Amino acid sequence: MVRDGYFYALGLGIVAVILWVLTSPALAALPVVLAIFFLWFFRDPERVIPAGPGDIVSPGDGVVTQSEWIETSGGSRLRLSIFLNVFDVHVNRSPVAGTVKAVEYREGDFLNAMKPESVILNEQTMVVIDAGGFEVSYKQIAGLLARRIVCDVKVGDRLERGQRVGMIKFGSRVDVLMPAEAVPQVKLGTRVKGGSTILAVLPQSVGDASKVAAAVVS
């Protein structure tokens, strides 16, 4: 459980007691229901973290909504986008083990995170991880309901694959940018779990790179 859940639940519990005493049990029911919701929303289940070489895991729970190879200033990248609805676990995890190279926060709008333009226009935090020989970046992108991005890492931090790195509150999107040679292991519409679902595998030898040409995400 993320401790924020206890704070929200406690505050609503106090409101429920006050309403019960001063008004009626019926009016106290709403804050009780909301308290239960917040306890459930801020759940933080343990996950089994894959240990395979080259595994790149999902930074969040949700559904894969976009998958494409894009050109960036650093060269070609494979980008996977994961949409988190309000019912998903919102704790984010590191997709790879490595050292945090950069943390960039940018203010922005709160468009529906399903819209393609949200990756550019919405409030977001990007974290770049030096995984030793290659880099993987992830973006925490605010959505229509999300109003707070929590990033618990800073430049120089050493991360383990699947380590908790923050959360986005109340619906959002997480993008992962990885080397173009990474071989996708998920398709559009795949439901993934943060820290445990393998999004892609980075080939460990040049010969394995031939697998990329056969990888189709549809």
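The values are calculated or read from the model by the stated rules, or taken from the named source; none is laboratory data. If you're wondering where the values come from, they're calculated on a predicted model, not measured in any experiment. Reconstructed Cβ throughout: ideal geometry from the backbone, glycine too, with neighbour counts over all protein chains shown. For the accessible areas, the whole protein counts, side chains as well, though only heavy atoms, and no ligand, DNA or RNA atoms are used. Shrake-Rupley method; radii C 1.70, N 1.55, O 1.52, S 1.80 Å.
So that you can scan it fast, the table gives a plain yes or no per residue for (1) on the phi > 0 side of the Ramachandran plot; (2) assigned to a loop (DSSP other than H, G, I, E, B):
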site: K154; (1), (2): no, yes
site: G162; (1), (2): yes, yes
site: R173; (1), (2): no, no
site: V186; (1), (2): no, yes
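Looking only at residues in the range 65-103 that are in a loop (DSSP other than H, G, I, E, B), of a type in the set (G, A, S) and at pLDDT 90 or above, which one is surrounded by the fewest Cβ atoms within 10 Å (Cβ to Cβ)? Explain how you work it out, then say what you get.
Within the range 65-103, the first condition is being in a loop (DSSP other than H, G, I, E, B), and the residues that meet it are 73-74, 85-90, 94-97.
Still in the running and of a type in the set (G, A, S): 73-74, 94, 97.
Next, from what is left, pick out any that are at pLDDT 90 or above: 94, 97.
On the way: S94: 27, A97: 17.
Checking each candidate, the answer is A97.
Name the residue, out of V136, V150, that is at pLDDT 90 or above and outside any loop (DSSP other than H, G, I, E, B). First the steps, then the outcome.
Values: V150 fails: at pLDDT 90 or above.
After applying the criteria, what remains is V136.
Within the range 183-218, take every residue that is of a type in the set (G, A, S) and touching a Lys or Arg at 6+ places or on another chain (Cβ under 9 Å) and give me the one that is modelled with the lowest pLDDT.
Top of the filtered list is S218.
Does the range 2-34 hold any residues that are more than 24 Å from N92 (Cβ to Cβ), in a helix (DSSP H, G or I) and open to solvent by less than 60 Å² (accessible area, probe 1.4 Å), and which are they?
G11, L12, G13, A16, L19, A28, A29, P31
Tell me the residue from V57, V48 that is open to solvent by less than 30 Å² (accessible area, probe 1.4 Å) and at pLDDT 90 or above, please. Break it down into steps so the answer makes sense when it comes.
Numbers: V48 fails: open to solvent by less than 30 Å² (accessible area, probe 1.4 Å).
The match here is V57.
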